[in-house]
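A.B. asks: Supplied in structure tokens, the structure appears directly below.
The values are calculated or read from the model by the stated rules, or taken from the named source; none is laboratory data. Computed from a predicted model, the values in this text were never measured in an experiment. All Cβ positions, even for glycine, are placed from backbone atoms using ideal geometry, and neighbour counts span all protein chains on display. In case anyone asks, the SASA skips ligands and DNA or RNA and just uses the protein heavy atoms, side chains included. Shrake-Rupley method; radii C 1.70, N 1.55, O 1.52, S 1.80 Å.
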Amino acid sequence: MVLNVVLSRLNIDHIERIIEMAVALDADFLELANTQYYGWAYLNRDHLLPTRAQLERAEQVTNDYRRRLRGRIKLFFVVPDYYAGRPKACMNGWASVFLNIAPDGLALPCQAARMLPGLQFPNVRESSVREIWHDSAAFNAYRGEDWMHEPCRSCPERTKDFGGCRCQAYMLTGAAANADPVCELSPHHGSIAEAVERAQVAQVQVTRPLVFRDRSASVDLIRA
């Protein structure tokens, strides 16, 4: 059994209890997946991004449990992109190894790719998977290196991180072909640095409540 728990500023301090829950459930794998800030998480970033101290403590607790459990459960700790220092090789490169077919039949090179403007993603009801993979303009849009701008185009790391995440680049810079701002070489990295610096405050001052998909469930955390 694989147990996945999404961590944020609001629950990361309970990591011991989370791991103990996995032990009690006799899980084989536990993924402690820190929130990555897309979609609704991005809207709530000031509520959810943990402090560096919280993150370091949680990782230390995880390592302590790894030694204590001696392989009874495989523990994976996923650091938030914002604290990683380098961009991740998102999906191991756009349309390189991954193809997602959504419930409506839309074929996507990653789960979040619908957010990107100007791309018409094919549907498996209308095209074969072979045609989608090889011939689709959307699947070819960010393959290889020809689409890259500087600093990615001349960066020696481009074959490892592929310029980072296209969705994150679009969200934070307005252009999917830009370098992922998580990268320290990105001219837009300041937006990440500012968010991380703001998160270090013990009680983050937010200007609005936590946003829920179901608006009736909204909770005003400013007063909490």
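A.B. asks: Whose amide H sits under 5 Å from the amide H of residue 7, counting only residues 5 or more places off or on another chain, with H placed in the peptide plane?
C.D. replies: 33, 34, 35
A.B. asks: Oh, and also: Determine the calculated [θ] at 222 nm for the chain from helices alone, applying -39500 (n - 2.57) to every DSSP H run no shorter than 4 residues and normalising by the residue count; nearest 500 deg cm²/dmol.
C.D. replies: -8500 deg cm²/dmol
A.B. asks: At 1.4 Å probe size, with no ligands or nucleic acids counted, give the accessible surface of residue 129 in Å², nearest ten.
C.D. replies: Spelled out: residue 129, probe radius 1.4 Å, area about 80 Å².
A.B. asks: Let me ask another. Residue-wise, which Karplus ³J(HN,Hα) couplings in Hz belong to region 158-168, taking 6.51 cos²θ - 1.76 cosθ + 1.60, θ = phi - 60°, and x for glycine or proline?
C.D. replies: Once θ is set to phi - 60°, the couplings for region 158-168 become 5, 7, 9, 10, 6, x, x, 8, 5, 5, 5 Hz.
A.B. asks: Applying the Karplus parametrisation 6.51 cos²θ - 1.76 cosθ + 1.60 with θ = phi - 60° to the phi angles of region 135-146, what ³J(HN,Hα) value in whole Hz is obtained for each residue in order, glycine and proline being reported as x?
C.D. replies: 10, 4, 4, 5, 6, 8, 4, 10, 7, x, 10, 4
A.B. asks: Let me ask another. Would you indicate which of (1) 51, 38, 34; (2) 49, 44, 40; (3) 43, 38, 28 is the value of Cα extents along the principal axes in Å derived from the coordinates of this structure?
C.D. replies: Looking at Cα extents along the principal axes in Å for this model, the match is (2).
A.B. asks: Also, I was wondering about something else. Any idea what the dipole of region 14-90 comes to, in debye rounded to 20, about its Cα centre with Lys/Arg Cβ at +1 and Asp/Glu Cβ at -1?
C.D. replies: In total the dipole reaches around 260 debye.
A.B. asks: Another question, if that's okay. What dipole magnitude, in Debye to the nearest 20, does the chain give about its Cα centre under +1 on Lys/Arg Cβ and -1 on Asp/Glu Cβ?
C.D. replies: That gives the chain a dipole magnitude of about 360 debye.
A.B. asks: Give me the percent of DSSP beta bridges within region 1-140 that run antiparallel, rounded to the nearest 5.
C.D. replies: Bridges in region 1-140 are about 20 percent antiparallel.
A.B. asks: Sticking with this structure for a sec: Residue separation times 0.36 nm, minus the C-alpha to C-alpha distance between residue 64 and residue 159: what's the value?
C.D. replies: Values: separation 95, 0.36 × 95 = 34.20 nm, distance 3.42 nm.
Between residue 64 and residue 159, full extension yields an extra 30.8 nm.
A.B. asks: Just check region 1-101 against the gyration tensor rule for me: Cα atoms, a ≥ b ≥ c as the square roots of the eigenvalues, rounded for a/c under 1.5, and otherwise prolate or oblate depending on whether a/b exceeds b/c.
C.D. replies: Here region 1-101 falls in the oblate category.
A.B. asks: Then there is this: For region 28-168, what is the relative contact order in percent, using Cα pairs closer than 8 Å and at least 6 residues apart in sequence?
C.D. replies: Computed value for region 28-168: 24 percent relative contact order.
A.B. asks: Of the options 138, 85, 53, report the single residue whose Cα projects farthest towards the positive end of the charge dipole of the chain (beta-carbon charges: Lys, Arg +1; Asp, Glu -1).
C.D. replies: Value: 53.
A.B. asks: Right, another one. With point charges of +1 on the Cβ of Lys and Arg and -1 on the Cβ of Asp and Glu, referenced to the Cα centre of region 89-177, which listed residue (111, 162, 124) lies farthest in the positive direction of the dipole?
C.D. replies: Sorting the options by dipole projection puts first 111.
A.B. asks: Here's a follow-up. Please work out how much accessible surface residue 149 shows to a 1.4 Å probe, ignoring ligands, DNA and RNA, in Å² rounded to 10.
C.D. replies: Ignoring ligands and nucleic acids, residue 149 comes out at about 90 Å².
A.B. asks: Considering only protein heavy atoms, what is the solvent-accessible area of residue 133 at a probe of 1.4 Å, reported in Å² to the nearest 10?
C.D. replies: 60 Å²
A.B. asks: Follow-up question, since we're still on this one. How far, in degrees from 0 to 90, does helix 52-69 lean away from the longest principal axis of the Cα atoms of the chain, to the nearest 10?
C.D. replies: Rounded to the nearest ten degrees, it is 80.
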